[in-house]
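Each value in this text was obtained by applying a stated rule to the coordinates, not by laboratory testing. Owing to the predicted nature of the structure, the values given are computational and were not obtained by experimental measurement. Cβ: placed from backbone, ideal geometry, glycine included. Neighbour counts: every protein chain shown.
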Amino acid sequence: MYPPLVYLNGAFLPPEQAKVSVFDRGFVFADGVYEVIPAYGGRLFRLAQHLNRLDASLTSIRLANPLARDEWRAVCARLVEAAGGGDVSIYLQVTRGPAPRDHAFPAEVHPSVFAYAAPIKYPDTALLASGVAAITVPDIRWLRCDIKAIALLPNVLLRQQAIESGAAEAILIRDGLMTEGSASNIFVVVNNRLITPSKGPFILPGVTRDLVLELARAHAIPCEERDIHDAELRSASEIMLSSSTKELLPITTLDGLPVGTGQPGPLHARLHGHYQDYKREFRSGTVE
Ligand code: PDD
């Protein structure tokens, strides 16, 4: 189901009236970047962090941000309102726009800006209670996974492989180290410590990842950002994934074997609780 309204290059339109050139470099080269931003009770969550990451992605691909921060705020707010102002997520993307096909940048760039809001589909409570399955797969992506690029073919293929194996997520391994999920960051628990890979070119700097670490530190849960070897992943007592749309989800089987007891673990329960408390405070306007 498509949303009733989308934003395209300055206009708010029904999706069937929103048209992009077949020569758009997003379509032809996947030459663009994107963000997914949740809103709770109509308030955009961690908007500054998402717009900072958008700036970083655009700088990395050498494309000037076509909108000022206030303009992004206004576009997102109008889309959230049009979607009913509840719990929705904004998808936005910026491409290098239409130009005759040539790998090199066009002399004159007219970026395409597209955004819409869609209701958030929460993992149901049964799934939270049971956890989800994951498989490990080689990380076949490029060397700049810190850019939130719209070029997601490897992620699409790896997620599809997970689904066809009866799993919800693919956990990626590069040179013997765990990087992240096909569309999520990954945390493990070893000796009661919460561990996630350090930021760098091989992972997306997840906004949810940062919030989970912030909450862990605020509640005196020991945590580390460092390399996680494949063997350590397999021996972890808990594994969880984080993303703006899935929040913090326990992974209870890995490659068909139980993770720890095979049930969501105590650290997930604590962190998930803190995350929900934080969201509640955010909705009521107590925290930004
Ligand atoms: N993806 N790593 C990858 C590869 C991702 O695609 C995502 C999110 C994350 C988590 O980032 P954040 O916490 O900022 O959402 C990590 C979004 C949700 C998507 O592509 O739909």
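Points to keep in mind about this one:
- Label separation (VAL20 vs TYR2): 1.3 nm, computed from points 7 Å beyond Cα along the C-beta direction.
- Helix 69-82 axis, angle to the chain major axis (alpha carbon atoms, nearest 10°): 80 degrees
- Antiparallel bridges, percent of DSSP beta bridges restricted to the chain (to nearest 5): 80 percent
- Computed over neighbours whose Cβ is under 13 Å from that of TYR40, the net charge equals 0, Lys and Arg +1, Asp and Glu -1.
- Estimated FRET transfer efficiency (LEU13, HIS103; beta-carbon r; R0 30 Å; 0.05): 0.45
- Among LEU152, LEU248, LEU233: highest mean-square fluctuation, GNM of the chain, C-alpha pairs under 10 Å: LEU152
- Computed extension gain for ARG62 through ALA220, at 0.36 nm per residue and net of the alpha carbon distance, reaches 52.9 nm.
- Counting 0.36 nm for each residue step from ASP227 to GLN161 and taking away their Cα separation leaves a gain of 21.3 nm.
- Legend: calculated FRET efficiency, ARG234 to ALA129, from the Cβ-Cβ distance at R0 = 41 Å, rounded to 0.05, equals 0.95.
- In the chain, the DSSP-assigned H stretches of four residues or longer account for a calculated mean residue ellipticity at 222 nm of -9000 deg cm²/dmol, using -39500 (n - 2.57) per stretch and the full residue count as denominator.
- DSSP bridge analysis restricted to segment 125-283 gives an antiparallel fraction near 65%, rounded to the nearest 5.
- Helix 266-283 and the longest principal axis of the C-alpha atoms of the chain enclose an angle of approximately 40°.
- Between segment 174-211 and segment 97-126, the alpha-carbon centres lie 25 Å apart.
- Along each principal axis, taking the top coordinate minus the bottom one, the Cα set of the chain gives 55, 44, 31 Å in descending order.
- A DSSP coil position with no more than 16 other Cβ atoms inside 10 Å describes the following chymotrypsin sites (Phe, Trp or Tyr not before Pro) in segment 1-76: PHE23.
- The chain: angle of helix 47-60 to the longest principal axis, Cα-based, in degrees nearest 10: 70 degrees
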